[in-house]
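Remarks on the structure that follows.
Please treat every number below as a calculation from the coordinates, not as lab data. It should be emphasised that the depicted structure is a prediction, and the values quoted were computed from it without experimental measurement. Note: ideal-geometry Cβ built from the backbone for every residue, glycine included; neighbour counts use all protein chains shown.
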């Protein structure tokens, strides 16, 4: 009996070791994440609790967020049209005036003065004509921003790109494991202090949110990828810059069931979505925070924090990266 147990343990160990080895040669621009076990979640946010143990298998991950240049190659090859570039269907917006049914996306527009932080409409507006090609609206372009992360990407747009590229979106667990870079339990992807020797290690918001960004980190909006140091796995911008879509449906209570298990292997997320703040709106999880995150309002640049978004909506601070 003891011998049989030893054989089973050895077989399990060999399988685990094999799962951690890279599968084939490194795809261009991707980093091998060997997989392993970690504590998932964050004690700072109610929808990121309870903390629980998770094990993920090895996978390849894009070293950076997908850039404008990469997304442009996809569009050129396929003729793909993003959600933001399509005129909204009147059936989806009953009662909306026809003049409001114009292609566009949500754009951050800082107010001219300090405002209360309980009304996001003070700094978000629908930008007619805003899209990945025109991040701030029709008068803007991505010329000179080829190496910036592509934005105004809805979840279905990210899925379409990933399929074309022979990749997929990461699960929430894969994304968080990779973001931590081997630093299990740390506050940020680089350690426990937000600034290290006075230096900002992620693109976030400084000053008074949302009206005055002092740009102490060098950027008012999205930064070119690789503008800040990589994490321990060689991945860039796993905190700040732009939010990144993952595959999981969003539920505020998604972690409750997992906490009853010693370790959850490769969780795929809940089967459906429920956001108590907007019960009738299905949402997907986003991770990593963005250039708008600040401890005054968001602070979700922590690896265990979660964002959320309606899959057919887009903003100028949401993008993605892929895995395979």
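Per residue, how big is the convex hull of the stretch 182-323 when only Cα atoms are used? Give it in Å³. All intermediate terms of the calculation are to be shown ahead of the outcome.
Numbers: hull volume 19.4 nm³, N = 142.
So the per-residue hull volume is 137 Å³.
Using a 10 angstrom cutoff on alpha carbons, build the Gaussian network for the chain and name the most mobile of 48, 112, 227.
112
Among 156-162, 213-219, how do they line up by average Cβ neighbours within 10 Å per residue, starting with the highest?
Averaged packing, sorted descending, gives the order 156-162, 213-219.
Would you work out the Kirkwood radius for the stretch 80-215? I mean one over the mean of 1/r across all pairs of different Cα atoms, in Å. Mind dumping the intermediate values first?
On the way: mean 1/r = 0.0545 Å⁻¹.
18.3 Å is the Kirkwood radius here.
Counting pairs of alpha carbon atoms under 8 Å apart in space and at least six apart in sequence, what relative contact order in percent does the stretch 179-220 give?
So the answer I get is 22 percent.
Where does each of 318, 109 land when they are ranked from fewest to most other beta-carbon atoms within 10 angstrom?
By the 10 Å Cβ count, ascending: 109, 318.
So if I take the centroid of the Cα atoms in the stretch 141-195 and the same for the stretch 221-274, what is the distance between those two points in Å?
Spelled out, the Cα-based centre of one part sits 8 Å from the other.
Please work out, to two decimal places, the log10 of the ratio I(q)/I(0) at q = 0.14, 0.21, 0.23 Å⁻¹ from a Debye calculation in which every Cα of the stretch 219-282 carries one identical scatterer.
Those come out to -0.68, -0.94, -0.96, one per q.
I need to check one value: relative contact order of the chain, counting alpha carbon pairs closer than 8 Å and at least 6 residues apart, in percent. Walk me through the intermediate numbers first.
Numbers: 713 pairs, mean separation 76.0, N = 324.
With pairs under 8 Å counted, the relative contact order is 23 percent.
Taking the chain as the region of interest, what is the percent of Cα-Cα pairs per 20 angstrom bin, listed from the shortest bin to the one with the maximum distance?
Over the chain, the share of Cα pairs per 20 Å bin runs 31, 58, 10, 1 percent.
Of 131, 141, 313, how do they rank once you tally other Cβ atoms within 10 Å and put the fewest first? Working shown, then result.
Details: 131 25, 141 12, 313 16.
The order, fewest Cβ neighbours first, is 141, 313, 131.
Would you mind calculating the relative contact order of the stretch 133-246 from Cα pairs under 8 angstrom and at least 6 residues apart, reporting the percent as a whole number?
Details: 124 pairs, mean separation 31.6, N = 114.
Answer for the stretch 133-246 is 28 percent.
For the chain, with a Gaussian network of springs between Cα atoms less than 10 Å apart, report the residue from 96, 305, 265 with the top mean-square fluctuation.
Ranking 96, 305, 265 by mean-square fluctuation puts 96 first.
Once you compute Rg and the Kirkwood Rh from C-alpha atoms, what is the Rg to Rh ratio for the stretch 88-167?
Reported Rg/Rh, Kirkwood definition of Rh: 1.04.
Say we join alpha carbon atoms closer than 10 Å with springs in a Gaussian network model of the chain; which of 63, 122, 206 then has the biggest fluctuation?
Of the options given, 122 has the highest mean-square fluctuation.
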